[in-house]
1. Among the candidates V185, V170, single out the residue that is more than 14 Å from the ligand (Cβ to nearest atom) and either assigned to a strand (DSSP E or B) or buried (at least 20 other Cβ atoms within 10 Å of the Cβ) (or both).
2. Is it the case that region 19-34 has a residue that's out of contact with any His (no Cβ under 9 Å at 6 or more places or on another chain), open to solvent by 10 Å² or more (accessible area, probe 1.4 Å), in contact (Cβ under 8 Å) with a residue 12 or more places away in the chain and on the phi > 0 side of the Ramachandran plot?
3. May I ask you to list the residues in region 141-175 that are among the charged types (D, E, K, R) and either free of Cβ contacts under 8 Å to residues at least 12 places away in the same chain or in contact with a Pro (Cβ under 7 Å, 6 or more places away or on another chain) (or both)?
4. Tally the residues that are under 12 Å from T271 (Cα atoms), open to solvent by less than 10 Å² (accessible area, probe 1.4 Å) and within 14 Å of the chain's Cα centre (by Cα), restricting the search to region 205-222.
5. Go over the candidates V68, V93, V103, V73 one by one and state the one that is closer than 30 Å to R256 by Cα and surrounded by 22 or more Cβ atoms within 10 Å (Cβ to Cβ).
6. For E28, only one of the following conditions fails: (1) more than 22 Å from Y134 (Cβ to Cβ); (2) within 21 Å of the chain's Cα centre (by Cα); (3) among the acidic types (D, E); (4) near the ligand (Cβ under 9 Å from one of its atoms). What is its number?
7. Listed residues G135, G116, G141; which is open to solvent by less than 10 Å² (accessible area, probe 1.4 Å) and either over 18 Å from the mean Cα position of the chain (by Cα) or away from the ligand (no atom under 12 Å from the Cβ) (or both)?
8. Got a sec? Which of R157, R234, R178 is within 19 Å of the chain's Cα centre (by Cα) and either open to solvent by 10 Å² or more (accessible area, probe 1.4 Å) or within 16 Å of the ligand (Cβ to nearest atom) (or both)?
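The values are calculated or read from the model by the stated rules, or taken from the named source; none is laboratory data. Not measured: the values here are computed from a predicted model. Counting neighbours? That spans all protein chains shown, and the Cβs are built from the backbone with ideal geometry, glycine included. Please note that ligands, DNA and RNA were not included when accessible areas were found on the heavy atoms of the full protein model with its side chains. Shrake-Rupley method; radii C 1.70, N 1.55, O 1.52, S 1.80 Å.
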Amino acid sequence: MAVASSKAVVLGGKNGLLGCALVQALREKGWEVTPLSRVDLDYYSGGFADDLAALLDTLEPGCLFNAVAYTDVEKAESNEEEAMLLNRRLPAVLGRVVKDRPVRFVHYSTDFVFDGRKKTPYTTDDAPAPLSVYGRSKYEGEQAVLALGLPDSLLIRTAWLFGRSKNNFVTKILDICREQRETSVVGDQTGSPTYAVDLARHSLELVDIDARGLFHIVNSGQANWAELAAEAVRCLQLECMINPISHADYPSKVARPAYSVLDAAGFTRVTSTKPRPWPQALREYLLQAFPMED
Ligand SMILES: NC(=O)c1ccc[n+]([C@@H]2O[C@H](COP(=O)([O-])OP(=O)(O)OC[C@H]3O[C@@H](n4cnc5c(N)ncnc54)[C@H](OP(=O)(O)O)[C@@H]3O)[C@@H](O)[C@H]2O)c1
């Protein structure tokens with residue numbers, strides 16, 4: 001079913017890394033967007049479903065994007081209840097609310113649903129086996145949405161996001177590298193660095209063609225954390241040495257996949273678009289975000 005109107009509601013669209021990119025991409029394409037945050041809707045309250053239903057009935061959007069998630073992988077280990085609430089229960093409630101309405105639901109998940117034992121990129125046919133509370137909560141969120149059998153929903157897995165937000169690896173590493181002449185970064189975990197702006201635009205390509213089901217969207221190529229950090233430092237010509245270390249030497253209580261590169265071939269098949277290589281996207285982001293440092 002084509003989307004009923006070019007109005008969209010974006011949960012997490014006021015502050016989130018992906019949420020803000022979605023709002024921008026939608027507006028670029030002429031959509032009327034209502035970005036929401038936790039200040040507008042209390043995801044934890046018993047009346048949340050009714051509040052959301054009333055909002056959707058007033059705004060009559062064609063699409064509801066869920067860019068809200070508990071994304072702090074470390075804290076999720078000790079805060080499982082809240083992680084499950086945002087990553088499993090919230091998407092299930094959103095799905096139930098849109099089920100009887102002409103609203104397409106677009107939900108996001110993560111490469112951390114996989115255990116990282118593969119040596120080749122994960123396809124949408126590969127079986128998830130999450131290693132962490134975060135990964136499990138996101139996987140259970142996927143399952144909850146799929147169980148509703150929504151005919152028009154889109155479930156998009158992505159990975160290693162960077163963009164305009166304090167809350168991402170690239171921004172954090174650059175902050176460190178402005179203060180220090182060297183730093184250690186994990187070099188034995190490999191994934192798919194992805195620009196939130198590219199993810200948002202590619203998501204809208206799927207909406208445009210009425211695609212439905214599960215897709216992976218990531219920038220092309222792969223990197224380990226140290227390689228991503230080194231590329232960011234190189235782009236901004238900072239004088240900071242990146243020393244690759246083993247994950248075993250990094251203080252973390254979370255098991256992360258050693259390899260979680262996502263295969264976006266399914267996305268390319270239906271849209272004929274191949275996402276650009278991550279270093280190209282990273283350079284564009286950094287040069288726009290930090291023009292004085294060029
Ligand atoms: N970041 C990554 O590297 C990455 C990798 C793979 C997949 N993903 C997936 O991509 C999607 C978007 O991720 P993102 O990085 O854009 O997320 P984010 O910026 O970390 O968070 C998105 C929004 O979630 C809301 N939120 C977070 N914690 C909350 C809490 N405890 N209570 C209430 N609201 C809370 C906040 O909304 P408000 O402050 O606006 O209320 C926040 O802006 C998620 O589904 C995530 O699992 C992300």
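1. Numbers: V170 fails: more than 14 Å from the ligand (Cβ to nearest atom).
After ruling out the rest, the residue left standing is V185.
2. yes
3. K166, K172, D175
4. Count: 1.
5. Numbers: V93 fails: surrounded by 22 or more Cβ atoms within 10 Å (Cβ to Cβ); V103 fails: closer than 30 Å to R256 by Cα; V73 fails: surrounded by 22 or more Cβ atoms within 10 Å (Cβ to Cβ).
Of the residues listed, the single one that is closer than 30 Å to R256 by Cα and surrounded by 22 or more Cβ atoms within 10 Å (Cβ to Cβ) is V68.
6. Of the numbered conditions (1) more than 22 Å from Y134 (Cβ to Cβ); (2) within 21 Å of the chain's Cα centre (by Cα); (3) among the acidic types (D, E); (4) near the ligand (Cβ under 9 Å from one of its atoms), the odd one out for E28 is (4).
7. Values: G135 fails: either over 18 Å from the mean Cα position of the chain (by Cα) or away from the ligand (no atom under 12 Å from the Cβ) (or both); G141 fails: either over 18 Å from the mean Cα position of the chain (by Cα) or away from the ligand (no atom under 12 Å from the Cβ) (or both).
Step by step, each of G135, G116, G141 is checked, and only G116 is open to solvent by less than 10 Å² (accessible area, probe 1.4 Å) and either over 18 Å from the mean Cα position of the chain (by Cα) or away from the ligand (no atom under 12 Å from the Cβ) (or both).
8. On the way: R234 fails: within 19 Å of the chain's Cα centre (by Cα); R178 fails: within 19 Å of the chain's Cα centre (by Cα).
Testing whether each residue is within 19 Å of the chain's Cα centre (by Cα) and either open to solvent by 10 Å² or more (accessible area, probe 1.4 Å) or within 16 Å of the ligand (Cβ to nearest atom) (or both) leaves just R157.
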